[in-house]
Structure formats: C-alpha cells, structure tokens
1. Report, ordered by the first and then the second residue, all pairs with beta carbons closer than 6 Å, sequence separation of six or more or different chains, a first member in the range 84-109 that is over 18 Å from F71 (Cα atoms), and a second member that is assigned to a helix (DSSP H, G or I).
2. Using beta carbons and a limit of 9 Å, which pairs, at least six apart or on different chains, have the first residue in the range 67-80 and touching a residue at least 12 places away in the same chain (Cβ under 8 Å) and of a type outside the set (D, E) and the second one outside any helix (DSSP H, G or I) and crowded, with 24+ Cβ neighbours inside 10 Å?
3. When you check A73 against the structure, is it out of contact with any Ser or Thr (no Cβ under 6 Å at 6 or more places or on another chain), more than 18 Å from D156 (Cα to Cα), modelled with pLDDT of 90 or more and part of a helix (DSSP H, G or I), yes or no?
4. Has the range 87-104 got at least one residue that is farther than 22 Å from T41 by Cβ and in contact with a helix residue (DSSP H, G or I) (Cβ under 8 Å, 6 or more places away or on another chain)?
5. Picking from F109, F93, which residue would you name as being under 14 Å from the mean Cα position of the chain (by Cα) and either of a type in the set (F, W, Y) or farther than 20 Å from E51 by Cα (or both)?
Amino acid sequence: MSSDPRDVLDALEWAQDAFEGVGFGIPKVEEGIAEGGGWETQLTKACKLLEVVDVLRAENGYYTAVIELGFGAIERSIEAYLVRMAGHDVEDFRDHEQSYERADQSGLFEAETAEAMVELYRENRTESYYGGGRSTEPQAKAMADLARGVHEYVVDQIRDGGVCVRD
C-alpha cells in the first residue's frame with residue numbers, strides 16, 4: 001500500500017484516465033487546434049499559446065508563464081514550418097533544441113539566427129524555468145514579441161492562408 005496522499009493518488013489516476021479517454025464519454029476538445037497532428041496542428045497550437053500570452057500580459061505580472069509560453073509558441077511555429085515545408089515529421093522534435101537547429105538546415109533562418117535562438121533557449125529558458133532568478137517584465141515582453149515575430153514570419157513562409165487562428 002502506498003503511503004502517498006490519497007488525494008494525489010486519486011488525482012494521478014484521474015489524469016491518467018483523462019489522457020487515455022477512459023470514463024469521460026465524448027471528450028470536449030480545445031477549439032482552434034487543427035486535427036491530425038501535422039503541421040496545421042503545430043501551427044494552431046502556436047496560435048493558441050500566443051493568445052494566452054496576450055491574456056497573461058493584459059493581466060500583468062505573469063512573466064515566467066509568458067516566457068515559457070513564448071518559447072513554446074516559437075518551437076511549435078518552427079516545427080509547423082519544418083513539417084510543412086521541409087518534410088520532417090512531428091515526432092522528430094522530442095528535444096526542444098532540435099527545432100531551432102533544423103530551422104537553419106531547412107533555410108527558414110540563417111545559421112547565425114538559429115544559433116542565437118538555441119543560445120537564448122539554453123541560457124535563458126532553463127534559467128527562467130529552473131533557475132533561482134525571477135523573471136522580469138522586459139524579459140516577458142521581449143519573448144512575447146519574439147514569439148509573435150517568429151510565428152508571423154513562419155505563417156508568411158508557409159503561405160497556406162486560413163490555418164492560423166490569429167489570421
């Protein structure tokens with residue numbers, strides 16, 4: 001018998017069931033995310049992450065969350081491009097840095113830009129998430145602007161209108 005708290009064990013079991021679709025009937029899925037798991041799914045996930053960034057920035061003070069979501073939106077956007085335009089599979093991106101590294105190889109960004117993005121991720125995402133420092137408003141704003149810029153650039157490169165929920 002486990003000595004872990006019953007509330008935690010019950011919540012863990014419930015979460016496992018939810019991800020397996022057990023006992024919940026017909027699940028209500030998040031609107032605005034394209035089905036199928038391909039590039040459209042990645043791109044619309046980035047769109048939704050950017051929507052949340054806007055909500056959190058309007059509330060003011062959620063800097064760590066904005067930074068995390070900004071990195072997530074950048075990765076999803078780049079992955080959408082790589083799947084759509086360079087023939088990669090979504091499964092290729094289990095390591096967070098792979099999307100940045102492959103952005104250069106596919107011609108989405110020049111090597112210096114891709115390397116700068118990898119460094120930004122390595123040095124700052126890790127510190128923001130795991131480090132002892134506290135995130136700042138300028139960091140959050142910069143990441144929100146970068147995420148939005150990358151996303152809009154990717155959408156322009158893909159040129160399949162109507163996919164991005166931010167259009």
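The values are calculated or read from the model by the stated rules, or taken from the named source; none is laboratory data. Quick caveat: nothing in here was measured; it's all calculated off a predicted structure. Cβ atoms come from the backbone with ideal geometry, glycine included; neighbour counts cover every protein chain shown.
1. From the range 84-109, the pairs are R84/W39; R84/I158; H88/L82; S106/L82; S106/A86.
2. Taking only residues 6 or more apart or on different chains, not a single pair turns up.
3. no
4. yes
5. F93
Yes/no per residue for (1) touching a Lys or Arg at 6+ places or on another chain (Cβ under 7 Å); (2) surrounded by fewer than 19 Cβ atoms within 10 Å (Cβ to Cβ):
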| position | (1), (2) |
| --- | --- |
| P27 | no, yes |
| D54 | no, yes |
| R57 | no, yes |
| V66 | yes, no |
| V83 | no, no |
| E101 | no, yes |
| L108 | no, no |
| E137 | no, yes |
